[in-house]
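Working notes for the structure below.
The values are calculated or read from the model by the stated rules, or taken from the named source; none is laboratory data. Since the model is a prediction, treat every value here as computed from it, not as a measurement. Virtual Cβ from ideal backbone geometry, glycine too; neighbours counted across all protein chains shown.
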Amino acid sequence: MSMTSRMAEGIRNRVGGRGEGRGGATLAITVARKEQLSPTMVRVVFTGDDLADFTMNEFSDAYVKLIYPRPGVSYPEPLDMKVIRASLPQEDWPQNRTYTVRRWDDQARELTVDFVVHGDEGLAGPWARDAQPGDQIWLAGPGGGYRPDPAADWHLLAGDESALPAIAAALEVMPEDAVGQVFVEIHDPASELKLTAPAGVTVTWLLDTAETPGTALVEAVTALTFPEGRVYAFVHGEAAAVRDLRRLLKRERGVKQSDLSISGYWRQGANDEEWRAVKRDWNQKIEESEGS
Ligand SMILES: Cc1cc2nc3c(=O)[nH]c(=O)nc-3n(C[C@H](O)[C@H](O)[C@H](O)COP(=O)(O)OP(=O)(O)OC[C@H]3O[C@@H](n4cnc5c(N)ncnc54)[C@H](O)[C@@H]3O)c2cc1C
């Protein structure tokens, strides 16, 4: 199956499975256990009977919407976003955050998510830091759009820690003879994780010593001498850094959009609701500036 038809198939899976695509249905998930992977990353393994209805897709960047109820609001069960939107005022609607499926174990029905803990601000980061076995939230999805193309001559993966789960998952599904360059920007030297990668893939860890997140990432990719051949690239993280990298890759390095998975996962100074509210315009402006 070609990459394009695989993606189309995946999109069909997304809209066909139980999850937000079919309306508003969600799955209840419970924290089974937790692991501190690094000073800035906590792994949460979720379980729950509803996961019997979870249909994983084939993308290595598969992601879910984690749904957090508002404290003090009681919701009709099972939690259905369509029903909630029709029956409750907007300020009572649950909030959601998007997270990569780091691992899905179909046998054990366990879903693993690696959360960046980026301080006291926000919803999902602090929630993950404080989560205890038995805590319940909900999920919708999965969606997704990228899987390393085995026909590519080489792979480029670049991101900050928010993209590290997707980068780690991508490396695990690459063919043994894959070659590539991986750049991951981290906040703390102790945040380097042990990644399983093909021998021909070089992983470079970069410290974000600059005030603007993504500075080291942009500098490293800019300085890279691109090998010959077709690159297949995955670039995600803070939106402004991703915008700069997109410009570099498309304009200066001539990477085709179809060989590029690129988007801002988060925006410095904006919470996720604020970022999502402007993301479409942000992307449109970038496309206009590229003349695409
Ligand atoms: C498809 C997709 C997959 C993603 N996968 C993952 C994943 O697997 N793991 C993961 O940790 N994140 C992932 N993210 C990013 C995550 O959704 C955002 O970082 C989200 O904003 C975190 O929500 P929050 O409630 O913790 O913070 P928010 O309430 O959204 O934001 C609060 C404050 O924290 C800042 N902030 C948000 N995220 C970060 C960050 N990573 N580092 C530093 N400051 C931050 C904001 O700018 C804001 O000032 C993914 C995003 C997308 C779109």
**Request:** Evaluate the following for Ala197: is it part of a loop (DSSP other than H, G, I, E, B), of a type outside the set (Ser, Thr, Tyr), within 15 Å of the ligand (Cβ to nearest atom) and not assigned by TED's automatic domain parsing to the domain that holds Gly125?
**Result:** no
**Message:** Among the residues in region 178-185, are any in a loop (DSSP other than H, G, I, E, B), in the same structural domain as Leu37 (by TED's automatic domain parsing) and either crowded, with 23+ Cβ neighbours inside 10 Å or more than 12 Å from the ligand (Cβ to nearest atom) (or both)?
**Reply:** no
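If you go through region 151-164, how many residues are more than 10 Å from the ligand (Cβ to nearest atom) and part of a strand (DSSP E or B)?
Looking only at that region, the number is 5.
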**Enumeration of residues in region 161-219 that are closer than 15 Å to Glu238 by Cβ, among the charged types (D, E, K, R) and touching a Gly at 6+ places or on another chain (Cβ under 9 Å)** = Glu161, Glu185, Asp208
**Asked** With respect to Gly214, is the statement that it is modelled with pLDDT under 95 and either within 12 Å of the ligand (Cβ to nearest atom) or over 17 Å from the mean Cα position of the chain (by Cα) (or both) true?
**Response** no
**Item:** Long-range neighbours under 7 Å by Cβ, at least six apart or interchain, first residue touching a residue at least 40 places away in the same chain (Cβ under 8 Å) within region 250-265, second aromatic (Phe, Trp, Tyr) and surrounded by 16 or more Cβ atoms within 10 Å (Cβ to Cβ)
**Value:** Asp259/Tyr232; Ser261/Tyr146; Ser261/Phe234
**Request:** Please name all residue pairs, on different chains or six or more residues apart, with Cβ atoms under 6 Å, provided the first residue is in region 219-239 and is among the basic types (Lys, Arg) and the second residue is more than 16 Å from the ligand (Cβ to nearest atom) and in a loop (DSSP other than H, G, I, E, B).
**Result:** Arg230/Ala152; Arg230/Asp153
**Asked** Could you say whether any residue in region 165-173 is part of a helix (DSSP H, G or I) and within 7 Å of the ligand (Cβ to nearest atom)?
**Response** yes
**Request:** Only residues in region 25-46 that are without any contact (Cβ under 8 Å) to a residue 24 or more places away in the chain count as the first member; pair them with residues that are surrounded by 17 or more Cβ atoms within 10 Å (Cβ to Cβ) and assigned to a strand (DSSP E or B), Cβ under 7 angstrom, at least 6 apart or cross-chain, and list the lot.
**Result:** Glu35/Arg43; Gln36/Val42
**Prompt:** Of all residues in region 217-238, how many are among the small types (Gly, Ala, Ser) and crowded, with 23+ Cβ neighbours inside 10 Å?
**Reply:** 2
**Asked** What single numbered condition from (1) away from the ligand (no atom under 13 Å from the Cβ); (2) under 17 Å from the mean Cα position of the chain (by Cα) fails to hold for Val242?
**Response** (1)
**Prompt:** Residues in region 74-94: is at least one within 16 Å of the ligand (Cβ to nearest atom), within 27 Å of Ser261 (Cα to Cα) and in contact with a strand residue (DSSP E or B) (Cβ under 6 Å, 6 or more places away or on another chain)?
**Reply:** no
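Applying the selection to region 124-150, what residues are of a type in the set (S, T, N, Q) and not in a strand (DSSP E or B)?
The one that is of a type in the set (S, T, N, Q) and not in a strand (DSSP E or B): Gln132.
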**Request:** Please give the number of the condition Ser162 fails out of (1) within 22 Å of Arg43 (Cα to Cα); (2) of a type in the set (Ser, Thr, Tyr); (3) modelled with pLDDT under 95.
**Result:** (3)
